[in-house]
């Protein structure tokens with residue numbers, strides 16, 4: 001089973017079972033954000049977590065095996081057309097250089113890791129309309145001279 005087939009099986013079982021990503025993450029013993037990413041094929045799970053997810057969803061060991069396979073992190077579209085994902089690209093285009101300048105000013109020349117990285121998504125109630133609260137934390141990796 002490849003990652004695309006795994007993704008479709010997981011999404012169908014999640015929908016059929018009426019489960020949330022928090023339910024699935026609890027079985028995996030991981031955060032909802034990371035668990036969802038792995039179930040969508042962009043990360044992998046260790047054996048215990050993969051087995052627990054497949055069992056919770058009533059899916060085969062083929063799904064558990066696919067969840068453990070290292071992903072090929074590639075994108076079909078350079079700029080996605082899904083409105084929610086596109087807005088993230090828009091934010092990076094508008095504020096990316098600002099983020100880079102402020103990180104360099106605070107930390108020096110380097111990058112923020114997307115490997116040593118955490119993310120948390122929360123709902124923030126607001127009388128003017130609920131807000132999406134995203135917290136992203138990545139390790140700073142300085143460029144080295146040699």
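Values quoted throughout were computed directly from the atomic coordinates according to the rules given, and no laboratory measurement underlies them. Computed from a predicted model, the values in this text were never measured in an experiment. FYI the Cβ positions are ideal-geometry reconstructions off the backbone, even for glycines, and counts take in every protein chain you see.
What to note about this one:
- Descending semi-axes in whole angstrom, ellipsoid equivalent of region 43-106, from the Cα gyration tensor: 36, 16, 11
- Its Cα gyration tensor gives region 3-68 an equivalent ellipsoid; the semi-axes, largest first and in whole Å, are 13, 13, 11.
- GNM on the chain, alpha-carbon springs under 10 angstrom: the most fluctuating residue among 116, 82, 62 is 82.
- Computed over every Cα-Cα pair of the chain and binned at 5 Å starting from 0, the pair-distance distribution P(r) comes out as 2, 8, 13, 17, 17, 16, 13, 8, 4, 1, 0, 0 percent.
- Convex hull (Cα only) mean projected area of region 69-145, reported in nm² to one decimal: 8.0
- Relative contact order, whole percent, for the chain stands at 17, derived from Cα pairs under 8 Å and 6 or more residues apart.
- Mean ellipticity per residue at 222 nm, deg cm²/dmol - from DSSP H runs of n ≥ 4 across the chain, formula -39500 (n - 2.57): -16000 deg cm²/dmol
- With the simple spin-label model, which puts each label point 7 Å out from Cα in the Cβ direction, the residue 133 to residue 86 separation comes to 2.9 nm.
- Residue 61-residue 126 FRET efficiency (beta carbon distance; Förster radius 30 Å; 0.05 resolution): 0.10
- Put a dot 7 Å past the Cα of residue 103, heading toward its Cβ, do the same for residue 117, and the two dots end up 0.9 nm apart.
- Length-normalised contact order for region 3-68 - Cα pairs under 8 Å, 6+ apart - percent: 38
- For region 113-146 versus region 1-34, the spacing of their alpha-carbon centroids is 22 Å.
- Estimated FRET transfer efficiency when R0 is 22 angstrom, pair residue 5-residue 40 (beta carbons, to 0.05): 0.95
- On Cα atoms only, tilt of 83-107 relative to the major axis of the chain in degrees: 50
- Relative to the longest principal axis of the Cα atoms of the chain, the long axis of helix 47-57 makes an angle of roughly 60 degrees.
- Fully extended contour minus Cα-Cα distance, from residue 16 to residue 141, at 0.36 nm per residue: 40.8 nm
- GNM result for the chain, Cα springs below 10 Å: residue of 100, 14, 120 fluctuating most strongly: 100
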